[in-house]
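**Student:** Take a look at the following structure, please.
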Amino acid sequence: MLFTTLGLHPSLVRAVRALGYAEPSPVQAGAVPPALAGRDVLATAPTGTGKTAAFMLPLLHRLLAGPRGGPRALILSPTRELAEQIEAVARDLGRYTDLRPALIVGGRPIGPQEKALRAGPDIVVATPGRLLDLIRQGAARLDRVAALVLDEADRMLDMGFLPDVKRIVARLPAREQTLLFSATLPPVIAGLAAELLRNPAAVQVGRRTAAAVGITQAAYPVPGHLKTALLRHLLRGTEMPSVLVFTRTKHGAKKLARVIEADGFTVGELHSNRSPGQRTTAMNGFRRGAFQVLVATNIAARGLDVDHVTHVVSTDVPDVPEDYVHRVGRTGRAGATGDAFVLVSPDEEAALGRIERQLGQRLPRVTLPDFDYRQAAAPGAASDGDRPRGRGGPGRARPPAGPGGGPKRSRGGKPSSDGTGGGRPPTGGRAPTGGRAGPMKPSGPPKPRRRK
């Protein structure tokens with residue numbers, strides 16, 4: 001199937017071509033035709049499968065064919081970063097049209113957003129909290145909205161936004177179409193879908209608990225107090241041109257970023273203690289390759305799209321298997337390959353076992369022959385996992401894109417036949433140029449730069 005066969009408006013096909021795509025992804029092939037036919041759609045698919053374009057293309061097509069004036073489409077997103085990304089996709093796919101999106105999110109001045117709404121945009125992309133504030137102030141009129149999109153609906157549930165979503169929906173006129181997209185479909189979201197959607201076309205791509213094809217996964221058993229040391233060892237000795245590192249807490253993210261930066265790597269931080277401007281700088285820098293490493297908490301686990309993330313490293317084991325799947329889904333996106341490592345302390349093996357049962361596979365255990373696992377903890381040092389014993393938790397982060405150069409990575413023996421022996425780490429990640437990158441070694445964009 002080609003985009004040219006879907007029946008999209010010629011301006012949209014032209015934009016897709018300009019972006020370098022010819023064939024739709026499975027979720028796009030499944031969702032676009034019924035959406036173009038005017039049906040409601042309930043789509044579940046893993047992260048990194050192209051869900052944004054799957055709802056944006058039929059939405060733009062509908063707007064081009066229908067009446068204009070005032071917001072005709074509303075897209076709700078759980079986070080500011082994801083909303084910004086959706087708005088950017090709307091601009092990219094609508095580049096050869098006169099359709100105008102407006103971005104309504106918290107953490108930014110409200111005045112320009114009120115002005116954007118008064119100008120009558122065609123599409124409003126919003127986070128629930130800020131949009132509800134503007135509705136209450138009388139600054140957001142949504143009486144002409146004919147199409148509603150709920151993106152990352154399960155994440156909105158996790159973040160406690162469903163009551164706000166229902167308040168917003170109650171203020172909308174009778175809708176002609178509703179599209180609900182989610183990575184998972186827990187009972188509460190299934191109930192919301194039954195409440196909002198009319199005879200929806202159901203699209204499900206992949207197992208809800210499976211990582212995307214193309215991602216090589218491995219677990220690295222290590223004492224909790226040596227997790228930072230092992231991470232530094234991996235960064236210095238393994239081909240990791242663009243790395244997203246997840247931590248459970250914002251304090252842990254900040255601390256880890258400082259340690260990695262002291263080793264000479266360019267590092268960005270993404271967590272709730274950073275201002276909106278700092279978070280935007282971190283994401284943009286990571287996308288451009290100005291940062292080799294992005295250290296983040298759960299805020300980066302879902303939805304955010306950065307090309308060429310070669311590696312995802314979790315410094316803790318999440319309690320919830322779906323959180324693990326969302327983390328590793330930051331790499332191997334859109335059919336690319338990538339590596340996902342999780343550092344596992346002895347007290348986290350039970351949590352890892354739950355993840356493996358849902359994945360339907362045992363992750364290979366990798367020990368490095370050139371790393372000293374018998375090092376003592378530094379006096380007064382806490383566990384590098386930055387969390388109490390016996391509990392797992394989400395924590396996430398991302399890597400920058402840009403080939404690194406340098407010496408050959410350290411090598412060890414292959415894992416033993418039962419998957420528990422020593423071995424070298426997988427190296428599925430690739431540089432954006434398609435060539436092989438050496439171990440992470442600084443040198444500025446597009447190559448990393450070691451600081452003096």
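**Student:** Using 0.36 nm per residue, how much length does the chain from ARG354 to HIS251 gain when fully extended, once their Cα-Cα distance is taken away?
**Tutor:** 34.4 nm
**Student:** Ranked highest first by average number of other Cβ atoms within 10 Å, how do 229-242, 6-19, 78-91 line up?
**Tutor:** Going from most to least packed, we get 229-242, 78-91, 6-19.
**Student:** So, one more: Give me the Å³ per residue figure for the convex hull around the C-alpha atoms of the range 3-204.
**Tutor:** It comes to 109 Å³ per residue, whole-number rounded.
**Student:** Distance in nm between label sites at ARG14 and ARG175, each 7 Å beyond Cα in the beta-carbon direction?
**Tutor:** 3.1
**Student:** If I model a spin label as a point 7 Å beyond the Cα along the Cα-Cβ vector, how far apart are those points for GLN204 and GLN375 in nm?
**Tutor:** Here the answer is 4.6 nm between the modelled labels.
**Student:** Okay, moving on. Rounded to the nearest 0.05, what FRET efficiency do ARG288 and VAL188 give with R0 = 45 Å and r taken as the Cβ-Cβ distance? Could you check?
**Tutor:** That gives a FRET efficiency of 0.75.
**Student:** Follow-up. Using a simple spin-label model with points 7 Å from Cα along the Cα→Cβ vector, what separation in nm is obtained for GLN361 and GLN278?
**Tutor:** 3.8
**Student:** Mind ranking 187-196, 256-265 by how tightly packed they are, going by the mean number of other C-beta atoms within 10 angstrom, highest first?
**Tutor:** Most protected by this proxy first, the peptides run 256-265, 187-196.
**Student:** Something else about it: Given a Förster radius of 41 Å and the C-beta distance between TYR96 and ASP263 as r, what FRET efficiency does 1/(1 + (r/R0)^6) yield to the nearest 0.05?
**Tutor:** According to the calculation, E is roughly 0.35.
**Student:** Do me a favour and compute the ellipsoid semi-axes for the range 30-127 from its Cα gyration tensor, root of five times each eigenvalue, largest one first, whole Å.
**Tutor:** 22, 17, 11
**Student:** With +1 on each Lys and Arg Cβ and -1 on each Asp and Glu Cβ, how big is the dipole of the range 138-271 about its Cα centre, in debye rounded to the nearest 20?
**Tutor:** 280
Readers should treat all values here as calculations from the given coordinates under stated rules, not as data from a laboratory. Source: prediction; values computed, not measured. Every residue, glycine among them, receives a Cβ derived from its backbone with ideal geometry; neighbour counts consider all protein chains shown.
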